[in-house]
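Asks: Right, I'll just put the structure down here and ask away after.
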Amino acid sequence: MKRVIVCLILALLFLNASAQEWAIGIRGGLNMARITNYADDWGCFGNVGLFGEWKKDCWALEADVLYSMQGVYFDGYRQKDHYLLIPLKGKYYIPACKGLNVFVGPQMDICLDRNTMLFDGGAPAESRNCMLSATFGLGYRFQFGLDLAANYNIGLLSNMKTSGFDPMRNSVFQISVGWCLYRRNK
C-alpha cells in the first residue's frame, strides 16, 4: 500500500513539473449531413459552440459543446434536426508539424428539436432523442490562436427507436474554424 501511495505522489509531481497547456475557445463551421440507408442526398447546415483543451507534450484531451443543425432533403421529404453535440476527443499533435493534430473520440448527440415534414401526408416514425457517435479527423492550431479542423462523425446507434427499419445513422462531415480565447501554460 505504501508503494502505491509513493507512486501516486511521484506521478502527481511529474504531472505538475512537465509542460501543460490549457485552452478555451469558440468554434463554428459547416456540416454536410445525411442519414445512412435512407437518402443519398447531403444537406448543408451549420454548427457553432465552445471547446476546451488540456495538452501535455504531444497529447491532448478536448471537449466541445456544439449546437449543430443536421438533416436531409429528398423526394418530397424534409428533415432538419437541431442537436447539441458533446464530443470528447483524444488528440495527438505531430511533433514535426507544430500545430498539426489528429483526433478521435466518442460523441453524444442530443436532439433538441426535430422538424420532419412528409409531403405525402405520412406520419414520421418514432426516433431517438439521444444517440452515440464516433468522431475522427485532422486539425491545425496556429501559435496565434486560430484553430482549423475537419472531421467525420458517424452514428453508432440507429436514429429510430422502432425496429423493422434498416439502421439509419447520422453521417456528418464538419469543417470548422475556431479561436482560442484563453490559453495558459503551466
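The values are calculated or read from the model by the stated rules, or taken from the named source; none is laboratory data. No experiment lies behind these values; they were computed from the predicted model shown. Cβ atoms come from the backbone with ideal geometry, glycine included; neighbour counts cover every protein chain shown. Surface areas here come from the heavy atoms of the whole protein model, side chains and all, with no ligands, DNA or RNA. Shrake-Rupley method; radii C 1.70, N 1.55, O 1.52, S 1.80 Å.
Asks: With θ taken as phi - 60° and the coefficients 6.51, -1.76 and 1.60, list the Karplus ³J(HN,Hα) couplings across the range 92-97 in order, rounded to whole Hz; mark glycine and proline as x.
Replies: Computed from phi, the couplings for the range 92-97 are 10, 8, 6, x, 6, 10 Hz.
Asks: Also, I was wondering about something else. Around residue 92, under 11 Å between beta carbons, what's the net of Lys plus Arg minus Asp minus Glu among the other residues? Don't skip to the end; give the middle numbers.
Replies: Numbers: positive: 55, 89, 91; negative: 57.
My count for the surroundings of residue 92 gives +2.
Asks: Let me ask you something else. Starting from the Cα of residue 115, step 7 Å along the direction of its Cβ; do the same at residue 21; then give the gap between the two resulting points in nm.
Replies: My value for the distance between the label points is 3.9 nm.
Asks: Also: So if each residue of separation counts as 0.36 nm, and I subtract the Cα-Cα distance between residue 42 and residue 142, what length gain in nm does that give? Let's see the in-between values first.
Replies: Values: separation 100, 0.36 × 100 = 36.00 nm, distance 3.08 nm.
Residue separation times 0.36 nm, minus the Cα-Cα distance, leaves 32.9 nm.
Asks: Right, next: First compute the accessible area of the range 79-118 with a 1.4 Å probe, then give the percent of it belonging to carbon and sulfur atoms. Please list the in-between numbers first.
Replies: Values: 1270 of 1820 Å².
Carbon and sulfur atoms account for 70 percent of the accessible area of the range 79-118.
Asks: Between residue 63 and residue 152, what is the label-to-label distance in nm when each label sits 7 Å out along the Cα-to-Cβ direction?
Replies: 2.8
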